[in-house]
Every structure is written in C-alpha cells, then in structure tokens.
Amino acid sequence: MAVASPFARSVALLGAGFLAACAASPPPRADTPPPAKDGAVSVDLIPTSASGQYKLKTSEHAFGAQPIERPPPAYPAALIAAGLPPVVVRVKAIVGENGTVTDVRSLDATTDPRHAAFVAACRDAVTRWTYSPMVVVEEFDDGKGNISQVRTPKAFSQDYAFRFELVEGKPTVSAG
C-alpha cells in the first residue's frame, strides 16, 4: 500500500477544497420550466476575481460554505402597480464564522429610491439565509510522519444577482 507524502496529500486536499468552494451551478437545461409566477426565486452566484478569494497556504484546504436555507426575496408590494421594467439587483452576502449572514451589501451604484426598495427586499431575505460554516484546515507534519490538523472556522462572502420583474402583471424574482 503506497502512502502519499504529506505534501501530496495537502495538494490533493487543497485542489478538492478549491473545486468544492468554486463549484458553479450547472447551466439550466433547455427543458427547465420558467420561474414560477408566485414569487419563487432562483439566484445567480456572481463569480469573483481571484483577488477576492482566500489565499490558502499549500498546507491548507477548506470545506463548507454551502447554502442550507435560502428564503427568496419578495417583489416589493408597493411597486407592483408601477409596472416597472425588469430590475437586476446585485448584493454581497457577508457570512460569519457560524454560517449566518451578518451583513448584506448592495453592489449597485444607484440612488434610485425604487431600486433601494428592491435592495431592501434582497436584504430582508438574504439576512435569513444560512450556510454550513467554512472551515479552513491546516496540516502540520513534524517530519517524523506525525501529521496534526488545526481547523478554523472563517467568515466569507458571496455575490448574488436577483432579477425582479412583472410577468403578465404578476411579480416574479429569478436569477439575474
């Protein structure tokens, strides 16, 4: 039975951690029905540049940071009668070490009060989202074949886009 070196095991685990952390949803299939007209929601995760990602050491890997609960935002009731064109809202969810959302920030540069109502709807929903905590694992090799680990929960953030629109007069929220 071959035993991988601690370095090889760390590189393999690091690669697996990056794949798990960076996994994107598969593209929607052509036979996927359109979003429900009852306000059901889907959401797009906005890819971030490499500069916005954790820089793990070669002795580290990460896991977790997966959504558990994601109640959808609601189309602002006061704006339904306005018959607005579709609105896309981009927000950043800041997630604490325990997996709860601690802050939601708008990524859009606008001062339109109607847009602010859509951002508020996103904030109301996303602050109720929960995730499995992200855990960074660092492995230490004492040079004698003894490997130890330190597991540290970490805060993280994710960027999302929501599309609010009226379809046949009914409010819908879908992936932006």
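Rule-based calculations on the coordinates, nothing more; no lab input. Not measured: the values here are computed from a predicted model. When we count neighbours, we look across all protein chains shown, and the Cβ atoms used for this are built from the backbone with ideal geometry, even at glycine.
How big is D for segment 57-176, in µm² s⁻¹ as a whole number, if Stokes-Einstein is applied with the Kirkwood radius of its Cα pairs at 20 °C and 1.002 mPa s? Before the final figure, lay out the partial values.
On the way: Rh = 16.4 Å.
This corresponds to a translational diffusion coefficient of 131 µm²/s.
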Proximal charge balance of Val135 [Cβ under 14 Å; K/R count +1, D/E count -1]
-2
Only counting other Cβ atoms within 10 Å, I'd like Lys55, Lys170 sorted with the fewest neighbours first.
Lys55, Lys170
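Please give the peptides 157-169, 67-79 ranked by average Cβ packing (other Cβ atoms within 10 Å per residue), highest first, as a rough proxy for protection.
Values: 157-169: 17.2, 67-79: 15.3.
Ranked by mean Cβ neighbours within 10 Å, highest first: 157-169, 67-79.
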Place the peptides 103-115, 142-154 in order of packing, highest mean first, counting for every residue the other Cβ atoms within 10 Å and averaging per peptide.
103-115, 142-154
Just want to confirm a number: the relative contact order over segment 41-176, from Cα pairs under 8 angstrom separated by 6+ residues, in percent.
39
Starting from 0 in steps of 10 Å, tell me what percent of the Cα-Cα pairs of segment 49-94 lands in each bin.
14, 33, 24, 17, 9, 2
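By counting other Cβ atoms within 10 Å of each Cβ, how are Phe63, Phe140, Phe156, Phe118 ranked from fewest to most? Don't jump to the answer; show the numbers that get you there.
Numbers: Phe63 17, Phe140 12, Phe156 21, Phe118 25.
With the sparsest Cβ surroundings first, the list reads Phe140, Phe63, Phe156, Phe118.
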For segment 100-168 and segment 67-90, what is the separation of their C-alpha centers, rounded to whole Å?
19
With each label point set 7 Å from Cα along the Cα-Cβ vector, what nm distance links Asp103 and Gln149?
3.1
